[in-house]
Each structure stands twice: as C-alpha cells, then as structure tokens.
1. Could you figure out which of (1) within 16 Å of the ligand (Cβ to nearest atom); (2) closer than 21 Å to A:L102 by Cβ; (3) open to solvent by 20 Å² or more (accessible area, probe 1.4 Å) isn't true of A:K10?
2. Please verify whether A:I48 is within 14 Å of chain B (Cβ to nearest Cβ) and either crowded, with 17+ Cβ neighbours inside 10 Å or touching a helix residue (DSSP H, G or I) at 6+ places or on another chain (Cβ under 7 Å) (or both), treating the condition exactly as stated.
3. Looking only at the stretch A:17-41, which residues are within 13 Å of chain B (Cβ to nearest Cβ) and either charged (D, E, K, R) or away from the ligand (no atom under 16 Å from the Cβ) (or both)?
4. I'd like the residue in the stretch B:58-95 that is closer than 19 Å to A:M1 by Cβ and away from the ligand (no atom under 16 Å from the Cβ) and, out of all such residues, is farthest from the other protein chains (Cβ to nearest Cβ).
5. For B:Y108, state whether it is closer than 14 Å to B:L76 by Cβ and either in contact with a Ser or Thr (Cβ under 9 Å, 6 or more places away or on another chain) or aromatic (F, W, Y) (or both).
6. Consider the stretch A:111-137. How many of its residues are open to solvent by 20 Å² or more (accessible area, probe 1.4 Å), at pLDDT 85 or above, over 14 Å from A:I22 (Cα atoms) and touching a helix residue (DSSP H, G or I) at 6+ places or on another chain (Cβ under 8 Å)?
7. Could you list all residues from the stretch B:115-147 that are within 16 Å of the ligand (Cβ to nearest atom), under 19 Å from B:Q42 (Cα atoms) and more than 14 Å from chain A (Cβ to nearest Cβ)?
Amino acid sequence: MKWLRKDLEKYVQAKEYVDTVIIPVQMFQVVDENQLEKDSFDSEVLAIFANEIEKELSGRVMLAPAYTYVKGADLGREAERLNEWIKHLKQQPFKHIFVLTLDMQWKKSEASLDANLLWLPGLKPTNLQSQEAVQVIRGQIEQISELIRSYW
Amino acid sequence: MAAGLLAPMIRFAIDPVLQSQEKSGDLVNVNLSVDDITDTPQRVDWEVQQVDGWYESNINRTAWVYKDENGEIVALSPICTHLGCFVSWEGSEDYPNEFYCPCHDGRYYKDGTNVPGTPPLRPLDVYEHAVENGMLYLGEPKPREGA
Ligand code: FES
C-alpha cells in the first residue's frame with residue numbers, strides 16, 4: 001500500500017494485515033556538480049526499488065513517503081528525526097519498520113535507528129529500461145522481499 | 001525506452017456495444033509462442049500503455065500461463081485477491097502444485113480457485129486471451145466468483 005487515498009481506505013479496514021512499513025531514505029543535493037548525475041540516478045533507482053517492493057508485498061507493506069535530507073547532513077541528527085517518524089508509525093500496529101537507502105553513510109548510524117536498515121548497493125548509471133537493468137533489478141527485488149519476509 | 005519492449009497491439013473482434021469501452025478490447029502480443037506453453041505455469045511479463053488521469057505511463061503486467069488438462073490456455077493474474085500481494089506458482093515448499101501468497105499464506109489451486117480457509121475469498125482473476133499466428137495475446141484480467 002502507498003500513502004494514497006484509495007490505499008488508505010483499504011488500510012483502515014485491513015489494519016491487522018498490514019504490519020510492515022518501508023521508509024525510503026533519500027539524499028538530495030545540487031551543489032556537487034560532479035556527483036549530480038550519480039546522485040539523481042541513485043534517487044531514481046531508490047524510487048524504483050521502493051515501488052517494486054511495494055507492488056510485490058502490497059497487502060502487508062505500507063510504503064511511506066520518502067524521508068529526504070541534504071547530502072553531507074549530520075546523519076546522527078537525521079537519525080533522530082527519522083526516529084520521530086518511526087515513533088509515530090509505531091502508534092499504529094506496525095511491527096516491522098524498514099529503512100531503505102542507497103547511501104552507505106547510514107551504515108554508521110544503523111545502531112541509533114529504531115528500525116531495520118536495508119542498504120542497497122546502487123547500480124551503474126545505465127538505461128533503467130534496458131532488458132539487462134530490468135533483470136538485475138528484478139533479481140535484487142526478489143532478494144529484498146525475501147529478506148523482509150524473513151522478519152514475518 | 002527500448003523499442004523492442006513495447007508489444008504491438010491488435011484490436012480484438014468484439015461486440016460493437018463494448019467497443020466504446022476504451023481499451024478493453026486491446027489484446028497485446030506478450031511474446032510467447034503457444035508451443036512454449038506447458039502444463040506448468042510460467043511467468044510472463046509484458047508492458048501496456050496506460051492513461052490514468054494525470055499520468056500516462058507504461059505499466060508492467062504479469063501472468064501465470066499454462067495449458068490445463070484439456071489443452072486450453074489459462075492465463076492467471078498474479079495479484080492476490082486478498083490484499084494484492086504477488087502470488088507465485090509453488091511459492092511455498094509446503095504447498096506444491098498451488099499458487100502461494102507470501103503475505104498472509106493465501107493459497108490457490110492450479111486453476112486459480114482460492115483454497116478455502118486461507119485469506120483470499122475469491123479466485124485469481126483470469127486474463128482474456130487469444131491466439132494469433134501461434135502467438136499468445138493477453139487482454140484485461142477479469143474477476144471470477146468466489147469459491
Ligand atoms: S494478500 Fe495474499 S493472503 Fe493476504
């Protein structure tokens with residue numbers, strides 16, 4: 001499920017079945033020009049992963065709006081804010097909360113997060129529609145959903 | 001986008017009354033030769049173009065396709081009729097010969113009928129299909145009555 005009216009209508013009636021949240025955590029910047037392409041590409045890839053995982057497991061997983069921060073921010077502080085989100089989410093019967101990111105920096109703050117960190121290695125910049133990319137992404141999505149299911 | 005990915009569309013011969021229902025008559029070549037369809041459900045993916053209010057997009061579709069004991073082609077939607085997760089053929093080792101939904105252990109027999117006592121209350125939707133020049137064409141998934 002996504003945070004959309006039609007899905008939330010369904011959610012309130014089926015709350016007991018939806019016990020998992022995924023928060024995509026996304027970095028944003030426009031200053032470091034050498035990295036612009038790579039960083040924006042990463043954010044596209046993150047969105048694709050988040051959407052596809054949601055599609056695969058939509059009856060039990062709620063996809064939260066992406067948490068966005070500026071590149072180079074103090075992740076300790078961002079983790080605190082993210083924990084506010086998580087605290088908020090836990091007021092509903094959500095048992096499993098996953099933070100999905102491509103930014104390796106989060107690994108260092110993993111311990112301070114009240115959620116499971118799913119770090120994905122990015123892809124080499126390429127045409128995301130190509131057969132090859134689709135195959136790679138599909139394979140990774142299968143693995144991530146298996147990982148999520150192992151918590152259920 | 002790669003041109004080869006977008007399947008060509010054909011207009012299916014249908015009742016003129018239905019013809020005004022936009023798009024419902026469009027069957028799409030899913031790039032699968034009928035000869036390659038066996039009695040084991042296989043995953044078939046294809047793309048269709050969809051205009052949905054604000055968005056115009058290519059959406060990915062998937063079906064589980066096989067021939068039943070009478071040799072008839074069956075194309076089932078993989079969307080669980082409980083709450084919409086992706087259902088896989090033999091998705092659980094515990095339930096061979098069935099479709100399995102990982103979200104709440106929903107199960108379906110091979111013909112798509114929901115296994116009573118599991119969360120889904122109706123069978124998997126069935127895609128309209130047609131065969132042209134030995135190739136499989138699929139249309140819209142249609143709901144069926146509950147078991
Ligand atoms: S979504 Fe398939 S069993 Fe609940």
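The values are calculated or read from the model by the stated rules, or taken from the named source; none is laboratory data. On a predicted model such as this, the values are computed, not experimentally measured, just so you know. Methodologically, a virtual Cβ is constructed for each residue, glycine included, from the backbone with ideal geometry; neighbour enumeration extends over all protein chains shown. SASA here: full protein model, heavy atoms, side chains in, ligands and nucleic acids out. Shrake-Rupley method; radii C 1.70, N 1.55, O 1.52, S 1.80 Å.
1. (2)
2. Values: within 14 Å of chain B (Cβ to nearest Cβ): yes; either crowded, with 17+ Cβ neighbours inside 10 Å or touching a helix residue (DSSP H, G or I) at 6+ places or on another chain (Cβ under 7 Å) (or both): yes.
Yes: the conditions hold for A:I48.
3. Of the stretch A:17-41, the ones within 13 Å of chain B (Cβ to nearest Cβ) are A:17-20.
Within the stretch A:17-41, A:D19 is the sole residue that qualifies.
4. B:I59
5. Working: closer than 14 Å to B:L76 by Cβ: yes; either in contact with a Ser or Thr (Cβ under 9 Å, 6 or more places away or on another chain) or aromatic (F, W, Y) (or both): yes.
Here the answer is yes, as B:Y108 does meet what is asked.
6. Looking only at that region, the number is 1.
7. Result: B:P123, B:D125, B:P141.
Residues checked against (1) modelled with pLDDT of 95 or more; (2) within 14 Å of chain B (Cβ to nearest Cβ); (3) open to solvent by 90 Å² or more (accessible area, probe 1.4 Å):
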| residue | (1), (2), (3) |
| --- | --- |
| A:K15 | no, yes, no |
| A:R60 | yes, yes, no |
| A:A66 | yes, no, no |
| A:R77 | no, no, yes |
| A:K107 | no, no, yes |
